[in-house]
Amino acid sequence: MPPCRFAWETVDRHRRLGTVAAIGLFLGAALAVFGLPPVDLHGPQHYVGIMAPTCGGTRAVREVLLGHLGLSWRYNPLGPLVVLGGVAVLAREALGRVCGRWVNVTTVHRPTVAVFLSLASGALEANQQAHAALVGPRDGASAPGSPILYGLAVFLVVGGACGLWLHRSRAASGSARQPNAAASRTAQPRTEARLNRGADHEATAVPRTPPCDTP
């Protein structure tokens, strides 16, 4: 059984994906036009020679949008894949709005997906470590603001994950209470109807005449 299932449905189950892809491609185009941001985006481990899987990703996205696919792949193979994925998501969005049907992806076996992503992340980190001379810090580079930005990024990621978990927990508890409330609303009229039928039956019942005693 494949770990993911694709379906052609009339409901868009990934409504925000198109917006995220559009924003990401817009930012990538801005990088291609105006150059790399002046803010240091690397984590503290970058300046001690430890490369993360995302090292070189910003430069890779910029180079692929400039048409330098080979250099982009050398910076980070994730860059061309991210741009290709963004274009595919926008194509899905356009096709769905035209046809009224969307391609939805559902995870069937999450452990398999988790193992695959872990292996892919490890392989990418090993590749970036092997290209540390290209994506690593330059001579004399320092990171005065990197710990602050890195801590802020971690805080945003953790806070977003906690907020998503709370939202899903509340939605699950609300959906669990709705069937019980609907069942109670359905059962109440039935009980009242049975009581009314019982009262009508008692009212229309013919009283029995007690037998007369003959002397």
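The values are calculated or read from the model by the stated rules, or taken from the named source; none is laboratory data. Model, not experiment: these values are computed from the prediction. We place every Cβ from the backbone using ideal geometry, glycine too, and count neighbours over all the protein chains shown.
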Count of the stretch 103-137 residues which are in contact with a helix residue (DSSP H, G or I) (Cβ under 7 Å, 6 or more places away or on another chain) and modelled with pLDDT of 85 or more
6
For the stretch 2-94, list the helices (runs of 4 or more DSSP H) that sit wholly inside it and hold at least 1 residues that are within 22 Å of THR106 (Cβ to Cβ); which are they?
17-34
Here are the criteria: (1) modelled with pLDDT under 90; (2) of a type in the set (A, V, I, L, M); (3) within 17 Å of ALA88 (Cβ to Cβ). Tell me which single one LEU25 does not satisfy.
(1)
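Do you know which residues across the stretch 95-123 are in a helix (DSSP H, G or I) and hydroxyl-bearing (Ser, Thr, Tyr)?
THR112, SER118, SER121
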Out of (1) within 30 Å of GLN128 (Cα to Cα); (2) of a type in the set (Gly, Ala, Ser); (3) touching a residue at least 60 places away in the same chain (Cβ under 8 Å), the odd one out for ALA88 is which?
(3)
Among (1) under 27 Å from PRO80 (Cβ atoms); (2) surrounded by fewer than 11 Cβ atoms within 10 Å (Cβ to Cβ); (3) modelled with pLDDT under 90, which single condition is ALA203 missing?
(1)
Being over 20 Å from VAL20 (Cβ atoms), modelled with pLDDT under 90, part of a helix (DSSP H, G or I) and out of contact with any helix residue (DSSP H, G or I) (no Cβ under 9 Å at 6 or more places or on another chain) narrows it down to one residue among GLY160, GLY140, GLY151; which is it?
GLY151
If you check GLY24, GLY28, GLY35, which single one turns out to be small (Gly, Ala, Ser), out of contact with any Asp or Glu (no Cβ under 6 Å at 6 or more places or on another chain) and exposed (fewer than 12 other Cβ atoms within 10 Å of the Cβ)?
GLY35
When HIS68 is run through (1) of a type outside the set (A, V, I, L, M); (2) surrounded by 19 or more Cβ atoms within 10 Å (Cβ to Cβ); (3) modelled with pLDDT of 90 or more, the failure sits at (2)
Six or more apart or on different chains, Cβ under 8 Å: which pairs go from a residue in the stretch 32-57 that's within 18 Å of HIS131 (Cα to Cα) and in the same structural domain as VAL135 (by TED's automatic domain parsing) to one that's surrounded by 10 or more Cβ atoms within 10 Å (Cβ to Cβ) and among the charged types (D, E, K, R)? Could you list them?
MET51/GLU125; ALA52/GLU125; PRO53/GLU125
